[in-house]
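Input: a single structure, listed below in C-alpha cells.
The values are calculated or read from the model by the stated rules, or taken from the named source; none is laboratory data. Since this is a predicted model, take the numbers as computed values, not measurements. Glycine also receives a Cβ, built like all others from the backbone with ideal geometry; neighbour counts cover every protein chain displayed. Surface areas here come from the heavy atoms of the whole protein model, side chains and all, with no ligands, DNA or RNA. Shrake-Rupley method; radii C 1.70, N 1.55, O 1.52, S 1.80 Å.
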Amino acid sequence: MQKKDKLRSPTVITCHVNADFDALSSMIAASKLYQDAVLIFPGSQEKNLKNFFIQSATYLYNFKAFKDIDPDSVQRLVVVDTRQKSRLRHVEQLFEKDGLSIHIYDHHPDSEEDLKGEFEKVQPWGSTIAVISKELINQGIQLTEDEATIMGLGVYEDTGCFTFKSTTGHDFAAASWLLSQGMDLNVVSDLINRDLSAEQIAILNSMLEAATTHKIKGIDVVVTEISMDHYVGDFALLAHKLLDMENIRVLFALGRMHDRVHLVARSRTTDVDVGKICSSMGGGGHSFAASANLKHKTLTQVKDELFGLLYSQINPQILVEDLMSRPAVSIEASKTISLASEIMTRFGLKAIPVTNEDGTGCIGILEHQLADKAISHGLGNVALREYMITDIFTVTNHEDIYRVMEIIIGQRQRLIPVMAKGEITGVVTRTDLINNLINEPARIPESLLPEKKRERNVRRMLKERLPGEIYSLLKTSGRQAQEMGYQVYCVGGFVRDILLGRTNLDVDLVVEGDGIKFARTLADQLGARVREHQKFRTAVIICDDGQKIDVATARLEYYEHPAALPMVELSSIKMDLYRRDFSINALAVQLNPGYLGRLVDFFGGQRDLKDKVIRVLHSLSFVEDPTRIVRAIRFEQRFGFRIGAQTEKLIKNAMELNIFHQLSGSRILHELKLIFEENNPLPCITRMDYYGLLKNIHPMLKLTTNLQNILSETEKVISWFQLLYLDEQVDKCVLYMLGLLNHINDVQAGIIMQRFNFSQKRSRLIFSLRSQVNSTMSELSAWYQDEGRLSSLYFILTPLPLEGLLFLMAKVYKEDLRKHVSYYITQLRGLQPQLTGKDLKQLGLKPGPQFGRILKDLKAAQIDGLACDRQAQLEWVKDNFCPEE
C-alpha cells in the first residue's frame, strides 16, 4: 500500500499480541475515552476472538492493521492491558518517534522493560477493564448494550469468572456497572464457557500424555509440550483445563506452532513467579498466570532456557522434615485424661498425639486445655479416647510447608503428627510454623490467611433478606454503639438463618462493652422499654410494635459442674462466640458504621453450613450442657443436616456418663417444647430414641411402633388444623405429651410429668384429657355403630377442648370416625342457634331453666337439618314448646 493510501490517525489504540478478551474489550473501552482513535489489532489473536467476530458481526468497530496506518500521522499511542515493549512489536516503529505521547491502561505487575507513559492508569486489579471502567464512570460516559457486553467478556475472562485470587472488589464493581449499562450475561456465558471441540480434546489428551513432573528445589513443576503444524486456538484454555484436571500447582505448557513456540504458565504457589520467568523469555503476565511467544526457537531450546530460569528463580522449598520436632511425645488411647494432662505439663506441651494400645499409628489428638477442663468436671479418670479429637490430619516428612499451613491455618489443627511406616516420628506444632513464617511471612497464601478466611461482608444480603424496618434497626444499633465507643454484632441463629435464606426476625445483639447500658440508650432512641437481667448482664428491648431485641454483653461462660447453669465473665466477641453450642451458631455480623455487614467466623461455621454439618466447638460441650444434645438433634432435622462424626461420638460419651440425669426437668421440658414447635417433631424424637435420650428421661419412654404411629398421626392432625388458618392456637406441648404418654399407665405418667417439673395445674389438665379422650372414644364408637344423629355427635364431642379433639382424631383409626370429628371441628363446633332468650320471651315463654333446655334442643334440631334458618327455628319452637292459642 502506498503511503498516500494509508489512513492518517492522530490517535491509535492497541494491545499485546495473543490478545485475549480483556485486551480486546479494553481497546473498545478505551475508544470511548478517545473518540476519534483507530483500533490497531495485533498480528495474531486467540481463536476465541476469531469466533467472537464471526458470532458478533453486528459489532462494527474501527479495527485496522498497523500496516494500513500512516505512522507519521500518529501523535498519541494508547496501550491497554500491557506495558512491555516486547509484547508490542507490531507498533515498535512508533517508539522511535519524537514527541509521541503514550497513554497506558494496565493491571499487570511492573517489569524492567515497561514503557513509560505521559499518562498512566495502572492498578493491581483483576482486569484492565476494571481500570478503564473507573475512568468511564468518572467521566459519566454511557455505553451501548453491545459495548457493555464485550467489556463484560474481558472482566469475566481475566478474573476467571471472579474466582482468580487476583480478583478485587473493583472488578465486581465494574461488572455491576456494566450490568446496569445492559451487559448481556447470556452472551458472556456462551462465549466464556465454551465446550471443547474434538480437536481440542485430542490435543488436551496429548498434553496429558506428555506431561512430566520435575522436582525443583522441593517443588513439583509439571512441564508438557505439543507440536502442531498449524495454529491451535485456546491453548491457554487447554493449559488451564489441564491444571484443574490434574490438580497441578505449577504448570508450563509449551506448544510449537508454525515457526514459534507458545508458552503458557500457571502457578498456585508464591515460590514460583511465572510472570518473572515468562518476562525473562520475552513474554509477561502475573506471578500466577503468564505467557510468552518465542520465534525461531526449537522446543528443546525453549525447554533448556525454561529449566535454567526455574533452577535460578524458584525459592527453595521447606519440607516437613525441616520443621518437625522430634522425637514425638505420645500417649496410648486407653490412658486416662489425668495422665495425659500430667505428661503435657511435664514436657510443656499444648497438645499430644494419641496412638493405638501398642503405641503404633495415630488415632487422635488431645489438647491440654481440654484435658484440664475435663479434670475440673471430674472426668480425670476417663479414658482419653472418649474426648480426644479424632478427625485429624497427618503428614509425612517429605511433604511441604504449604500442606502444613493448610492444616494448621486452614483447618485450625494445633498439632500435626508426622508419620512414617505407621508410626509417629515427630510433630509439627503451631509454634514451629509461626517461627518459620516470622522470617518468611510472604509464604502464606492469601486464601489461608485467617483474616481472609474468617471475614466477608454480607451487607447486601442483610438488605435483601431482611424487612426494611429490621435492617434500619440494625443500622441504628451500629450507630448507637459507635457513639458509645462500643462494637456491636448481631449473632447466633439470626445470622445463621440469613446465610441459609430462612426467615428469622429474632434479633440477638452482642456488645463489646456494657450491654445493659447500651440497651437502655438504644431503647431511649427507639422509644422502647427494657427488661434487664443483671446476673447475666443481658437485656431485652421491647418496641411498641412488639419487636424484641436481645442484647448481651460479650461474655465467656464457664460451668461450675456438669449440667450447671453458666457463670459469666466479661470477654471479647471471639470468646463470646466460643461459648455457643455449635459452629453454625457461632457466627457474627458487625453493625458499626464502616464495618456494617462484616461477617465474623472464627470457628468454621460457614464451612459447616456449606457441608450441612452440626459440629460442637469443643469436646466437653455436652458435658457442660447436655441440653445441647437435644438442640443438635433439632437443628439436624430442621435443616436437613447431619451430626458430625466427632460430635456424635461426644453425644454417646455424654450419655454413657449419665450426665443427662443431672439436668433439671424444667430444662429438659424447655428443649422438648422447642422440638414440639418444629414442623416435623417425629424425626427429632426418633433421633432422641436412637441416642437413648428417651429412656434416660424414663425407662418407659420407648419409641415402639405404636408410639411412632400415634406421634405421626398427631403430627398430621396438627398440620391439618394449621391449614384451616383459624385464629385459635393449639398447645402442641400438651398434644405431643398426650402422645408420648399414650401407652403408659397413670402412675408412670405421673412420675414422668414430675420428672419434667410440670405444675399441678398442667398435670391435672393432661390427666383429665387422657381420661376424657378415652371415654369419648367409647361413646363415639357406640354412636357410630348405632348410626346416631349428627346432633348426638355434637353433644358427645362438645366437652372436649381443642387439644382433646385433635388427639382424638390422631387416636381414631377408622377414617369415617375421623371425618366426623373433623366435620365437628370445622362446621359444628362454633354453631349457635339464631334465637336467643329474648326471642323466646317474645314468643310468650316464661324465663327459667327451661330456656337452656329449649335452646339445646333447638341446636340439635338445627344440626339435624330440622330448623336451619331463623324463621324455621321460630316455627320449630312454636310447634314444640308454645301452647296452642
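Laid out as a table, the results:
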{"item": "Karplus 3J(HN,Hα) series, Hz, for region 688-698 with 6.51 cos²θ - 1.76 cosθ + 1.60 (x for Gly, Pro)", "result": "4, 5, 4, 8, x, 6, 5, 5, 5, 6, 7"}
{"item": "Angle between the chain longest axis and helix 705-722 axis [Cα atoms, degrees, rounded to 10]", "result": "80 degrees"}
{"item": "Descending semi-axes in whole angstrom, ellipsoid equivalent of region 275-384, from the Cα gyration tensor", "result": "56, 15, 12"}
{"item": "Estimated FRET transfer efficiency when R0 is 41 angstrom, pair Tyr813-Leu674 (beta carbons, to 0.05)", "result": "0.85"}
{"item": "Sites Arg414 and Lys215 - FRET efficiency at Förster radius 25 Å, r taken between beta-carbons, to 0.05", "result": "0.25"}
{"item": "Residue-averaged [θ]222 nm for the chain, counting only DSSP H segments that reach four residues, each worth -39500 (n - 2.57)", "result": "-13000 deg cm²/dmol"}
{"item": "Value of relative contact order over region 738-885, rounded to a whole percent, pairs C-alpha under 8 Å and six or more apart", "result": "20 percent"}
{"item": "Alpha carbon Rg of region 146-274, scaled by the compact-globule rule 2.2 N^0.38 Å", "result": "1.21"}
{"item": "Mean separation of Cα contacts under 8 Å, 6 or more apart, over the residue count of region 679-793: relative contact order %", "result": "22 percent"}
{"item": "Cα centre as origin, Lys/Arg/Asp/Glu Cβ charges: region 224-319 dipole, Debye", "result": "120 debye"}
{"item": "Net charge contributed by nearby residues that have their C-beta within less than 15 Å of Ile102 (K/R +1, D/E -1)", "result": "-2"}
{"item": "Rounded to 5, percent antiparallel among DSSP beta bridges of the chain", "result": "65 percent"}
{"item": "Potential extension, Arg89-Leu723 segment - 0.36 nm per residue separation minus Cα distance", "result": "220.8 nm"}
{"item": "Surface share of carbon and sulfur [accessible, 1.4 angstrom probe, percent] for the chain", "result": "48 percent"}
{"item": "Shape call, region 224-303: gyration tensor on alpha carbons, a/c limit 1.5", "result": "oblate"}
{"item": "Label-point separation in nm, Lys421 to Asp68, each point 7 Å along Cα→Cβ", "result": "7.3 nm"}
{"item": "Shape category assigned to region 115-220 from the gyration tensor of Cα positions, a/c cut at 1.5", "result": "oblate"}
{"item": "Dipole magnitude of the chain about its Cα centre (Cβ charges: Lys, Arg +1; Asp, Glu -1), debye to nearest 20", "result": "1820 debye"}
{"item": "Total formal charge among the other residues, if their Cβ is under 13 angstrom from that of Gly865, Lys/Arg +1 and Asp/Glu -1", "result": "0"}
{"item": "Extreme residue, positive dipole direction of the chain, given options Phe288, Val427, Ile201 (C-beta unit charges)", "result": "Val427"}
{"item": "Kirkwood Rh, Cα atoms: Rg over Rh of region 640-798", "result": "1.02"}
{"item": "Spatially proximal lysines relative to Lys610 (Cα-Cα < 16 Å; intrachain offsets below 8 disregarded)", "result": "Lys453"}
{"item": "Debye log10 I(q)/I(0) for the chain, one point scatterer per Cα, at q = 0.07 Å⁻¹", "result": "-0.82"}
{"item": "Qualifying lysines (Cα of each under 27 Å from Cα of Lys819; at least 8 residues distant if same chain)", "result": "Lys716, Lys732, Lys811, Lys856, Lys859"}
{"item": "Per residue accessible area of the chain, 1.4 Å probe, in Å²", "result": "47 Å²"}
{"item": "Computed over the chain: relative contact order in percent, which uses C-alpha pairs under 8 Å that are six or more apart", "result": "5 percent"}
{"item": "Charge dipole (region 762-885, unit charges on Cβ, about Cα centre) - positive-most of Leu866, Pro849, Ser763", "result": "Ser763"}
{"item": "Radius of gyration and maximum dimension Dmax of region 195-351, Cα, Å", "result": "22.4, 74"}
{"item": "Residue (of Val495, Gly485, Ile516) at the positive-pole extreme of region 481-525, dipole from beta-carbon charges", "result": "Val495"}
{"item": "Over 15 Å [Cα-Cα, region 219-269], rounded percent", "result": "41 percent"}
{"item": "Cα-centred dipole magnitude for region 744-863, charges only on beta-carbon of K, R (+1) and D, E (-1), debye, nearest 20", "result": "480 debye"}
{"item": "Pair-distance profile P(r), taking every C-alpha pair of region 742-815, with 5 angstrom steps and integer %", "result": "3, 14, 24, 21, 16, 10, 7, 4, 1"}
{"item": "Sequence-distant residues sharing a close amide H with Ile13 (under 5 Å, placed H)", "result": "Val38, Leu39, Ile40, Val78"}
{"item": "Full-stretch length increase - Thr836, Met575 - with 0.36 nm per residue and alpha-carbon distance subtracted", "result": "87.2 nm"}
{"item": "Average projection area in nm² (convex hull over Cα atoms of region 787-885, one quarter of hull surface)", "result": "7.2 nm²"}
{"item": "Potential extension, Lys612-Gln871 segment - 0.36 nm per residue separation minus Cα distance", "result": "86.8 nm"}
{"item": "Among 265-271, 88-94, the order from most to least packed when residues are scored by Cβ within 10 Å on average", "result": "265-271, 88-94"}
{"item": "Sequence ranges 301-308, 7-14, ranked by mean other-Cβ count within 10 angstrom, highest first", "result": "7-14, 301-308"}
